[in-house]
Amino acid sequence: MIEFINLTEENMTRFMPDLIKLEHEIFGPELGWAEENFRLDLPRKAELSFICLLDGEPVGFRMGSAYFLDGVEIGHAHHIGVTPKHRGKGLGLVINQHTVDLCYQAGLTQLTCETDNRFPAAEFHVKGGFRKMTEQELLRYLEARGRAHRLAAYRDGRATAWIQFI
C-alpha cells in the first residue's frame, strides 16, 4: 500500500533520517541534499512536500513549495526521488500526480520544476504532464524566483525548466 505523509515540521524531524538515507541512495552523498536543504523555510513547503511509503517502507519523496509570478501563486517541485530498487514501476509518476493533486487542492494552477541534465529526467517529466518552458516563460520564471544567474545553464543545455498547467 502506498502512503504519502506530508512533511510538516514534526514529520520532517521524524523522517529526517529516512530522507537523508533516501538522498544518499538515490543521488549519492556528493549530490544529495543535506539536512539544512530539507529544513529551508519556504512558502507552502509543509503542504507540498511529502515522503512516500510503500508497505511502511520509505521509498521516495517530493519537496515542494510555492512562489508568486505576476500576482499568481505557482507550485514548484524542488526535488523528487525514488529508490533505485523501486524505479521503473511507475512510482515516480504516482508521486508526481500526488504533487499535482496537492497543488490543485491548494488552488494552484501551475507547477514548475527544474532538472539538472546530468540526470535523465526529460521523458519522466513529459509523461508526468510537464512541458519544457518557452524562452519567454523561462526568463519570467527565473526572474520571479530570483535565479537569473542560472540562465546560462539553461541556454547551454546543462539544465531544463518545466511547467505544467493544472
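Considering only the stretch 57-68, I want to know if a residue exists there that is closer than 15 Å to Phe15 by Cβ, at pLDDT 95 or above and exposed (fewer than 14 other Cβ atoms within 10 Å of the Cβ). Spell out how you get there, then give the answer.
Of the stretch 57-68, the ones closer than 15 Å to Phe15 by Cβ are 57-63.
Next cut, at pLDDT 95 or above only: 57-63.
Pick out the ones that are also exposed (fewer than 14 other Cβ atoms within 10 Å of the Cβ) and you get 57.
So far as the stretch 57-68 goes, yes, one or more of its residues are closer than 15 Å to Phe15 by Cβ, at pLDDT 95 or above and exposed (fewer than 14 other Cβ atoms within 10 Å of the Cβ).
So which residues in the stretch 1-11 are surrounded by 14 or more Cβ atoms within 10 Å (Cβ to Cβ) and either under 12 Å from Pro58 (Cα atoms) or out of contact with any strand residue (DSSP E or B) (no Cβ under 9 Å at 6 or more places or on another chain) (or both)?
Applying the first criterion (surrounded by 14 or more Cβ atoms within 10 Å (Cβ to Cβ)) to the stretch 1-11 yields 4-8, 11.
Phe4, Ile5, Thr8 - these are the residues of the stretch 1-11 that are surrounded by 14 or more Cβ atoms within 10 Å (Cβ to Cβ) and either under 12 Å from Pro58 (Cα atoms) or out of contact with any strand residue (DSSP E or B) (no Cβ under 9 Å at 6 or more places or on another chain) (or both).
Give the stretch 142-166 a look and list any residue that's in contact (Cβ under 8 Å) with a residue 40 or more places away in the chain and within 11 Å of Glu114 (Cβ to Cβ), or say none.
Looking only at the stretch 142-166, we keep the residues that are in contact (Cβ under 8 Å) with a residue 40 or more places away in the chain, and these are 144-145, 157-166.
Across the stretch 142-166, the qualifying residues are Arg145, Arg158, Ala159, Thr160, Ala161, Trp162, Ile163.
Only one of (1) in a helix (DSSP H, G or I); (2) under 24 Å from Glu47 (Cβ atoms); (3) aliphatic (A, V, I, L, M) is not met by Leu108, so which one is it?
Only one criterion is unmet by Leu108, namely (1).
Suppose we keep only residues that are buried (at least 22 other Cβ atoms within 10 Å of the Cβ) and of a type in the set (A, V, I, L, M) within the stretch 69-101. Which one would you say is nearest to the chain's Cα centre (by Cα)?
Filtering first and then ranking leaves Ala77.
Does Glu114 meet the test of being assigned to a helix (DSSP H, G or I) and not hydrophobic (A, V, I, L, M, F, W, C)?
Values: assigned to a helix (DSSP H, G or I): no; not hydrophobic (A, V, I, L, M, F, W, C): yes.
Considered against the rule, which asks whether it is assigned to a helix (DSSP H, G or I) and not hydrophobic (A, V, I, L, M, F, W, C), Glu114 comes out as no.
So how many residues does the stretch 110-140 have that are surrounded by 13 or more Cβ atoms within 10 Å (Cβ to Cβ), over 24 Å from Gly32 (Cα atoms) and either touching a residue at least 40 places away in the same chain (Cβ under 8 Å) or over 18 Å from the mean Cα position of the chain (by Cα) (or both)?
Final tally of qualifying residues: 4.
List every residue pair whose Cβ atoms sit under 9 Å apart, with the two residues 6 or more apart in sequence or on different chains, where the first one lies in the stretch 60-86 and is at positive phi and the second, anywhere, is basic (Lys, Arg) and surrounded by fewer than 24 Cβ atoms within 10 Å (Cβ to Cβ).
Short answer, once both residue conditions are applied: Asp70/Arg140.
Go through (1) more than 23 Å from Ile26 (Cα to Cα); (2) in contact with a helix residue (DSSP H, G or I) (Cβ under 8 Å, 6 or more places away or on another chain) one by one and return the number of the condition Val72 breaks.
Here Val72 clears every test but (2).
Out of (1) surrounded by 14 or more Cβ atoms within 10 Å (Cβ to Cβ); (2) within 21 Å of Ala159 (Cα to Cα); (3) of a type in the set (Asp, Glu), the odd one out for Glu30 is which?
(1)
Say whether the condition of being at negative phi, out of contact with any Phe, Trp or Tyr (no Cβ under 6 Å at 6 or more places or on another chain), assigned to a strand (DSSP E or B) and not aromatic (Phe, Trp, Tyr) is met by at least one residue in the stretch 140-160.
Looking for residues that are at negative phi, out of contact with any Phe, Trp or Tyr (no Cβ under 6 Å at 6 or more places or on another chain), assigned to a strand (DSSP E or B) and not aromatic (Phe, Trp, Tyr), one finds at least one in the stretch 140-160, hence yes.
The values are calculated or read from the model by the stated rules, or taken from the named source; none is laboratory data. As the structure is a computational prediction, the values presented were derived from the model and not from experiment. Here the Cβ is made from the backbone with ideal geometry for all residues, glycine too, and neighbour counts use every protein chain on show.
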